[in-house]
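Below is one structure, written out as structure tokens; comments come after it.
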Amino acid sequence: MSFFDKIKAGLKKTKEGTASTINSVLATFRTVDEELLSELEDALILADIGAYTASEAIDELRRQSKLKNLQSQDDVAECLAGILADKMVPNEGLQLETQPSVILMVGVNGVGKTTSIGKLGAKLAGEGKKVLFAAADTFRAAAADQLSIWAKRAGADLVRHSEGADPSAVIFDAVTAAKARGCDVVICDTAGRLHNKQNLMNELEKMRRVISRELPDASVETLLVLDATTGQNAISQAEGFDSVTKLTGLILTKLDGTAKGGIAIRVSASLKVPVKFIGVGEQVDDLLDFDALAFTRAFFDRKEEA
Ligand code: GDP
């Protein structure tokens with residue numbers, strides 16, 4: 001299956017749900033008038049793109065329709081796909097320049113963090129990188145057990161301590177092991193207890209201190225994992241994490257399970273953080289590099305629904 005087909009398959013529910021509402025509005029196209037623009041704006045809001053971003057996108061469509069003299073529903077769909085893609089922060093991929101580099105994975109329990117670490121580890125291993133997982137969510141014993149299963153599947157090394165251990169001590173050991181073994185990437189699981197912001201902030205800062213002391217010039221990515229099916233909740237979590245730590249990217253999981261895939265546009269536009277990957281299933285290869293324009297085009301592709 002091609003990359004584009006995979007995005008389209010992952011967005012099946014969205015295409016059948018809110019995107020088909022947008023497409024049925026477009027199907028009524030005669031000319032770009034205020035009625036069409038207002039119906040499109042409502043349909044974008046229904047797709048969870050967010051009222052603010054939807055209104056900005058429609059203003060831009062109004063402007064561009066005059067400039068470009070849009071003549072057909074295809075023209076409007078292509079123009080709107082471009083406008084919505086531009087609302088998102090461009091994804092320049094992971095910045096993993098050093099050996100080792102570090103990826104801190106943050107997010108609340110249940111969003112698909114462990115699964116995403118596994119998938120990402122397998123993807124990087126598939127690119128020929130030597131990967132090590134650090135089980136620094138020491139809050140739940142099951143977290144490290146689950147991570148060890150994914151480590152085997154992904155062909156990654158694992159560093160773990162017992163339940164209740166200091167997460168920064170796990171990071172220290174993981175970084176030390178990575179240096180000794182010549183690993184390329186250390187992917188760190190972290191506990192996601194957002195209800196205690198101060199603790200979370202302290203814990204993440206301590207981990208960062210250990211990393212910058214042991215690997216002063218290392219590339220460090222901090223990726224927030226969000227469950228796309230949780231809508232407004234995902235936005236609140238994103239704002240919460242953004243206020244405690246600097247995020248370099250987002251992973252939006254379970255896009256296959258929502259009819260409101262527009263959340264990807266909303267979260268990137270409101271947080272000004274790029275979506276770097278999307279999860280479209282539970283299998284190891286169901287993590288896709290995010291491409292904003294391919295995503296919004298898949299969103300509007302009506303040919304697939306005929
Ligand atoms: P964690 O508590 O954040 O570590 O979450 P897990 O990684 O354990 O995932 C929670 C559940 O979500 C598991 O049943 C995963 O299989 C499922 N899951 C994770 N990512 C995806 C995805 O992209 N699509 C679907 N359909 N399920 C996913």
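The values are calculated or read from the model by the stated rules, or taken from the named source; none is laboratory data. As the structure is a computational prediction, the values presented were derived from the model and not from experiment. No Cβ is skipped: glycine too gets one built from the backbone with ideal geometry, and neighbour counts run over all protein chains shown. To get the accessible areas, we keep the full protein, side chains included, count just its heavy atoms, and leave off ligands, DNA and RNA. Shrake-Rupley method; radii C 1.70, N 1.55, O 1.52, S 1.80 Å.
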Positions within region 1-41 being charged (D, E, K, R), open to solvent by 50 Å² or more (accessible area, probe 1.4 Å) and more than 15 Å from Arg62 (Cα to Cα), in sequence order: Asp5, Lys12, Lys13, Glu16
Residue list for region 1-54, filter: among the aromatic types (Phe, Trp, Tyr) and in a helix (DSSP H, G or I): Phe3, Phe4, Tyr52
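If I go through region 166-204 residue by residue, how many of them are open to solvent by 20 Å² or more (accessible area, probe 1.4 Å), away from the ligand (no atom under 16 Å from the Cβ) and among the hydrophobic types (A, V, I, L, M, F, W, C)? Show your work before the answer.
Pass one, region 166-204, residues open to solvent by 20 Å² or more (accessible area, probe 1.4 Å): 166, 169, 172-173, 176, 179-182, 184, 193-199, 201-203.
With away from the ligand (no atom under 16 Å from the Cβ) added as a condition, the list becomes 166, 169, 172-173, 176, 179-182, 184, 196-199, 201-203.
Cutting the leftovers down to among the hydrophobic types (A, V, I, L, M, F, W, C) gives us 169, 172, 180, 201.
Qualifying residue count, region 166-204: 4.
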So Gly82, is it over 21 Å from Thr245 (Cβ atoms) and assigned to a loop (DSSP other than H, G, I, E, B): no
Qualifying positions in region 130-148 - within 16 Å of Val175 (Cβ to Cβ) and open to solvent by 70 Å² or more (accessible area, probe 1.4 Å): Lys130
Residue that is surrounded by the fewest Cβ atoms within 10 Å (Cβ to Cβ), among those in region 243-259 that are within 14 Å of the ligand (Cβ to nearest atom) and either touching a residue at least 40 places away in the same chain (Cβ under 8 Å) or on the phi > 0 side of the Ramachandran plot (or both): Gly257
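The rows are residues; the columns are (1) outside the structural domain of Ile263 (by TED's automatic domain parsing); (2) within 21 Å of the chain's Cα centre (by Cα); (3) under 14 Å from Ala19 (Cα atoms).
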position	(1), (2), (3)
Asp42	yes, no, yes
Ile45	yes, yes, yes
Asp48	yes, yes, yes
Leu61	yes, no, no
Asn69	yes, no, no
Count - residues of region 84-111 that are open to solvent by 20 Å² or more (accessible area, probe 1.4 Å) and within 16 Å of the ligand (Cβ to nearest atom): 3
Residue identified as more than 11 Å from the chain's Cα centre (by Cα), open to solvent by less than 50 Å² (accessible area, probe 1.4 Å), at positive phi and more than 14 Å from the ligand (Cβ to nearest atom) among Gly262, Gly281, Gly231, Gly240: Gly231
Pairs with Cβ under 8 Å, 6+ apart, first in region 98-109 and on the phi < 0 side of the Ramachandran plot and part of a loop (DSSP other than H, G, I, E, B), second of a type in the set (Ser, Thr, Tyr) and surrounded by fewer than 22 Cβ atoms within 10 Å (Cβ to Cβ): Thr98/Ser219
Test: residue in region 123-132 that is within 13 Å of the ligand (Cβ to nearest atom) and assigned by TED's automatic domain parsing to the domain that holds Val244: no
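Only one residue in Thr53, Thr114 is among the β-branched types (Val, Ile, Thr), crowded, with 18+ Cβ neighbours inside 10 Å and within 16 Å of the ligand (Cβ to nearest atom), so which one is that?
Values: Thr53 fails: within 16 Å of the ligand (Cβ to nearest atom).
The conditions single out Thr114.
Output the number of residues of region 265-275 satisfying the condition of being among the small types (Gly, Ala, Ser) and open to solvent by 20 Å² or more (accessible area, probe 1.4 Å). Walk me through it before giving the result.
Kept after step one, since they are among the small types (Gly, Ala, Ser), are these residues of region 265-275: 268-270.
Of the ones still in play, those that are also open to solvent by 20 Å² or more (accessible area, probe 1.4 Å) are 270.
Adding up the residues that qualify gives 1.
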Cross-chain or 6+ apart pairs with Cβ under 6 Å, region 180-209 first and in contact (Cβ under 8 Å) with a residue 60 or more places away in the chain, then assigned to a strand (DSSP E or B) and away from the ligand (no atom under 16 Å from the Cβ): Cys183/Leu132; Val185/Ser101; Val185/Val131; Val186/Val102; Val186/Leu132
Residue match in region 136-145 (condition: free of Cβ contacts under 8 Å to residues at least 40 places away in the same chain and either more than 16 Å from the ligand (Cβ to nearest atom) or in contact with a Phe, Trp or Tyr (Cβ under 8 Å, 6 or more places away or on another chain) (or both)): no
